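All remarks here apply to the structure that follows.
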Amino acid sequence: MSALHYDSYTEARTHLKELLDAAEQGRPATVRRDASTAMVVDADRLRRFLLDSYPSRAQAVAEAGGWSVFIPGLPVAADGATFGEAVTEMVDALREYADDWADRLRNAPNHAGNWGLVHLIALSSDDQLREWLAGAP
């Protein structure tokens, strides 16, 4: 079982089952379209890779009778009366950031490099993001 590559979208569409099977098996699976190449990757496998690549750097601070959570270097922060509420608010803030990134920030020089984080957010449930923010394994 080797890598799988299709030189056109039409060819890939004809062999979609084989393309998805290769991705599920962890084999390189690519499709060429005009001047670019896209890779098809199993979502769970990609999420695990991104978790290793993006350890949570979230910091929590108790202040003014509540909690604040932020990630240094990201314009994302959240507050809550309890630590759990602040983390839940941070999940919402991360989802909003990911939406903003997809809509307009992806081309901004100071945000373009956050594509991996945005994909990690998209591939994670709210519970998984809460665990990631809290530093759970």
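FYI, it's all coordinate maths here, none of it is from the lab. Since we're looking at a predicted model, the values are computed, not measured. Please note: Cβ atoms are built from the backbone with ideal geometry, for glycine as well, and neighbour counts cover all protein chains shown.
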Given unit charges at Cβ for Lys, Arg (+) and Asp, Glu (-), the dipole magnitude of the stretch 30-72 about its Cα centre in debye, nearest 20, is 180
Non-local residues with an amide H under 5 Å from the amide H of VAL76, with H modelled 1.01 Å from N and Pro and chain starts lacking one, are ILE71
Dividing the surface of the Cα convex hull of the chain by four yields a projected area in nm² of 9.9
For the stretch 97-104, in residue order, the Karplus 3J(HN,Hα) values (coefficients 6.51, -1.76, 1.60; θ = phi - 60°; whole Hz; Gly and Pro = x) are 4, 4, 5, 4, 4, 5, 6, 8
The alpha-carbon center of the stretch 99-117 and that of the stretch 16-48 are separated, in whole Å, by 22
Counting only DSSP beta bridges with both partners in the chain, the antiparallel fraction in percent, to the nearest 5, comes to 80
Amide H contacts under 5 Å for HIS5, restricted to residues at least 5 apart in sequence or on another chain and with H modeled in the peptide plane, are THR30
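How do 14-21, 74-81, 32-39 rank on mean C-beta neighbours within 10 Å, highest first? Before the final figure, lay out each step's value.
On the way: 14-21: 13.6, 74-81: 16.0, 32-39: 10.2.
Result, highest mean Cβ count within 10 Å first: 74-81, 14-21, 32-39.
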Here the stretch 71-87 yields Karplus 3J(HN,Hα) values (6.51, -1.76, 1.60; θ = phi - 60°; whole Hz; Gly and Pro given as x) of 10, x, x, 10, x, 9, 8, 8, 10, x, 5, 10, 4, x, 5, 5, 5
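Calculate the FRET efficiency for ARG45 and ASP100 from the Cβ-Cβ distance with a Förster distance of 35 Å, rounded to the nearest 0.05.
0.85
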The extension gain from ASP127 to ASP52, computed as 0.36 nm times the residue separation minus the Cα-Cα distance, is 25.2 nm
Once SER2 and ALA77 are pulled to full extension, the length gained, defined as 0.36 nm per residue separation minus their Cα-Cα distance, is 22.6 nm
